[in-house]
């Protein structure tokens, strides 16, 4: 029997491979609008919620950026790319199948909007592993990550105390949120290396992290 009552996952960069795609699309859209930015800057926004990301981007490029146009074009290009399918991260399907077999409750806590998160899970073929009521986006809580609200709400919906949950994250922002919620945290850095190294377990892959935490054999 697992020592954890529930498992909570971040979405982008943890369950699904979307971060690289989002950055490439963002670079293309911004350049087309006359605002070329460095890839490193967009990479620094990984894990940041949409509203804060737009604020930082506007401050970075200066006046004249039409955020409404940027958002519309970025969303349209992303939707077109993702409709063709989103690849799960390595080991995701194996881990989710094992958790389902053992009946461990599962949730998603993401800085994406809830509707967008559900759509991406479907595009990745992972929607069958989660009750859609257990997909919690930033629009469902007062504060996005790095505040603990998303993880606390996900645990509440699963009927589990946060201290009995294990959380999987790729970013420092998400790791800080899960730690603040009082959860055991496994961080698997995707395109940005871990800078704070505060997670209970730091791993190179989802399955390696799950084994290190004792979630699976």
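Rule-based calculations on the coordinates, nothing more; no lab input. Source: prediction; values computed, not measured. Note that each Cβ is placed from the backbone with ideal geometry, even for glycine, and that neighbours are counted across all protein chains shown.
The residue that is nearest to residue 45 (Cα to Cα), among those in the range 185-207 that are free of Cβ contacts under 8 Å to residues at least 60 places away in the same chain and not in a loop (DSSP other than H, G, I, E, B), is 187. For the condition buried (at least 22 other Cβ atoms within 10 Å of the Cβ) and either within 12 Å of the chain's Cα centre (by Cα) or farther than 24 Å from residue 2 by Cβ (or both), residue 167 qualifies. Of everything in the range 91-105, what is part of a helix (DSSP H, G or I), closer than 18 Å to residue 204 by Cα and in contact (Cβ under 8 Å) with a residue 60 or more places away in the chain? Give them in sequence order. Across the range 91-105, the qualifying residues are 92, 94, 95.
Set side by side, the residues 153, 169 differ, and just one is touching a strand residue (DSSP E or B) at 6+ places or on another chain (Cβ under 7 Å) and within 20 Å of residue 43 (Cβ to Cβ), which is 169.
For the condition under 24 Å from residue 126 (Cβ atoms) and under 19 Å from the mean Cα position of the chain (by Cα), residue 54 does not qualify.
Among the criteria (1) assigned to a helix (DSSP H, G or I); (2) buried (at least 19 other Cβ atoms within 10 Å of the Cβ), the one residue 112 does not fulfil is (1).
Of the residues making up the range 14-37, those that are within 24 Å of residue 189 (Cα to Cα) and either assigned to a helix (DSSP H, G or I) or out of contact with any strand residue (DSSP E or B) (no Cβ under 9 Å at 6 or more places or on another chain) (or both) are 19, 20, 21, 22, 23, 24, 25, 26, 27, 37. Only one of the numbered conditions (1) under 13 Å from residue 15 (Cβ atoms); (2) touching a residue at least 24 places away in the same chain (Cβ under 8 Å); (3) touching a helix residue (DSSP H, G or I) at 6+ places or on another chain (Cβ under 9 Å) is violated by residue 32, and that is (1). Of the residues 85, 125, 47, 64, the single one that is farther than 26 Å from residue 165 by Cβ, touching a helix residue (DSSP H, G or I) at 6+ places or on another chain (Cβ under 9 Å) and in a loop (DSSP other than H, G, I, E, B) is 85.
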